[in-house]
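Reading through the structure tokens given below for one structure.
The values are calculated or read from the model by the stated rules, or taken from the named source; none is laboratory data. The model shown is predicted, which means the values in this text are computed figures rather than measured ones. So basically every Cβ, Gly included, is an ideal-geometry build from the backbone, and we count neighbours across all protein chains shown. Ligands, DNA and RNA are excluded from the accessible area calculation, which covers all protein heavy atoms including side chains. Shrake-Rupley method; radii C 1.70, N 1.55, O 1.52, S 1.80 Å.
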Amino acid sequence: MDEAPLYLRPRLEPPLAPLLDSSDLLHTLVDALGSPLDVLLPDRIAANAERFADVRRAHRLGGREFFAHKANRSSALVRHLAATRAGVDVASLDELRHALGAGFTGDRIVASGPKGPEFLWLAALVGATVHIDGPTELDTLAGIVRDHRLAPVRVLVRLSGFTSPGVAIRSRESRFGVPAAALDGLLDDLERHRDAIDPVGTAYHLDTVSLDEKAVALEGCLHAMNTLRARGFQPRIVDVGGGFGTGYVEHRDEWDRYTTELTRAVLGERPPLTWGGHGYGLRAEGGTVRGSLGLYPAHRPDAGPAYLDALLSRTAPTLGRPLGGLLLENLYDLYVEPGRALLDQCGLTLARVLETRTTRAGEPVLRLAAKATDIGLEDHGVLVDPLLLDRGGSGPADPADAKEPAGVFLTGSLCLESDLITRRRVFLPRTPCPGDLLAFANTAGYCMDFAATHAQRQPPARKVAIGGGPGRWRWTLDEEYWPVPRPEGRSA
Ligand SMILES: *Cc1c(COP(=O)(O)O)cnc(C)c1O
């Protein structure tokens, strides 16, 4: 290869890092269970929830951490969390049933997202806390409670479209929630439904990395709490949703170099880095770059619990004091609903290499036994390198001692031109051989099953859960996992 490789090496922490050193185990699992294969590490989700709780407690706040279930359909993860103090945020009837079946009680469940009557009924029946998305949903829920003579339902009023007087930042538009400016109308509805609905607090969920926007939203929730109190309600919870993020790429310099070179490639200043000159949102117009990079900021030193800490430490835009302190002063509980951030380092997706070939244009292409929808990293704008695991190897091939690095495109197993697992040339320490495995690290958040299909009757990946550690890894099928030890029998 005549150009220097542009690596985007993944961030790896225990237990994911030592598991990747157990190449033989991973090859055996794919031999037995097929490619692609999702591997989950339930111990790590519990550790991640505890880190969020540590931040909350450091700000001396009560409350709870809720796992946004929609980020992964695994049973092992939900069952493992049921054995901790954490809660779960469910966004469909079936997610609610799954959480109840895993052992969660209603007091540890929040129900969010668009809801039909069955979902509302079951949530109300089991005493879950319901995010109210608008006046129609509120009326439906109140009607269900009265018809079925249920106890009043705890609701969080989900707000959106926050602005702050004298502050240029406004929170981004959301399809969900009640516009903060329309809260008064909703309060009239809540008064009518006092017999059926207990408004316990306010909520937002913003899909942004911007702390400024989140600070405006959190302050907006605090104002809304005052408005609720002024009407005689007793709200006590502020739910700041999810969106704390994850860092996928270890080294900032690799990320910066990659995005710089991508821009140069779009301008034609260097050979293309992508399939058909794809620009990930960028394009060249008259010698300058236009558009905006549609990529997840893959190097994020401040993601996850650190992001929550930064938000709580931030000064409220108009009240002029730290947001965490304002919550504490009012004795409000803090709810958080991380999806992606709770799944940081919780799993990987394995895919077997089937074939390497060179296109007529001289492009090296690797065909994998997986569909693009089984490995959703690119679909979520996340660019990060897979690791190359040879059979019998002692760990992933290391770019540091690569003798003949290779830049390859990764394609999937569908009979479809667009089934590309990467639209960029991925740099690997050597050219893989058929039978090698590629390990895509940190796929548990949204990149395993959110968009997985049965196209061409090719099933989505099976899931296994792994615990233990080097020399004592134990695995089960995801659906067989329960957080209790099994009888082991006597060893000979
Ligand atoms: C999707 C979602 C989350 C989780 O978002 P992440 O970005 O994965 O943390 C939390 N709350 C609500 C209401 C959501 O819709």
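Below is a table of values for the structure above.
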read-out: Tabulated pairs, the stretch 18-35, first of a type in the set (D, E), second open to solvent by less than 30 Å² (accessible area, probe 1.4 Å), C-beta under 9 angstrom, 6+ apart or interchain; value: D21/G395; D24/G393
read-out: Verdict on S174 being modelled with pLDDT under 95, in a loop (DSSP other than H, G, I, E, B) and open to solvent by 20 Å² or more (accessible area, probe 1.4 Å); value: yes
read-out: L96, sole failed condition from (1) over 20 Å from the mean Cα position of the chain (by Cα); (2) within 16 Å of the ligand (Cβ to nearest atom); (3) part of a helix (DSSP H, G or I); value: (1)
read-out: Answer from D449, D390 - the residue that is within 16 Å of the ligand (Cβ to nearest atom) and either among the acidic types (D, E) or more than 23 Å from the chain's Cα centre (by Cα) (or both); value: D449
read-out: Candidate set: the stretch 1-13, residues that are touching a residue at least 24 places away in the same chain (Cβ under 8 Å) and over 12 Å from A441 (Cβ atoms); chosen: the one surrounded by the most Cβ atoms within 10 Å (Cβ to Cβ); value: Y7
read-out: Selected residue (criterion: most open to solvent (accessible area, probe 1.4 Å)) from residues of the stretch 415-428 that are part of a loop (DSSP other than H, G, I, E, B) and more than 26 Å from R44 (Cβ to Cβ); value: E417
read-out: Residue satisfying all of: in the stretch 314-336; closer than 29 Å to A444 by Cα and open to solvent by 10 Å² or more (accessible area, probe 1.4 Å); nearest to the ligand (Cβ to nearest atom) among these; value: Y335
read-out: Only listed residue being within 16 Å of the ligand (Cβ to nearest atom), free of Cβ contacts under 8 Å to residues at least 24 places away in the same chain and either within 24 Å of K115 (Cα to Cα) or not in a helix (DSSP H, G or I) (or both), chosen from V78, V88; value: V88
read-out: Residue within the stretch 187-209 that is touching a Phe, Trp or Tyr at 6+ places or on another chain (Cβ under 6 Å) and under 22 Å from E337 (Cα atoms) present; value: yes
read-out: Subset of the stretch 155-171 that is away from the ligand (no atom under 16 Å from the Cβ) and touching a residue at least 12 places away in the same chain (Cβ under 8 Å) - its residue that is surrounded by the most Cβ atoms within 10 Å (Cβ to Cβ); value: S164
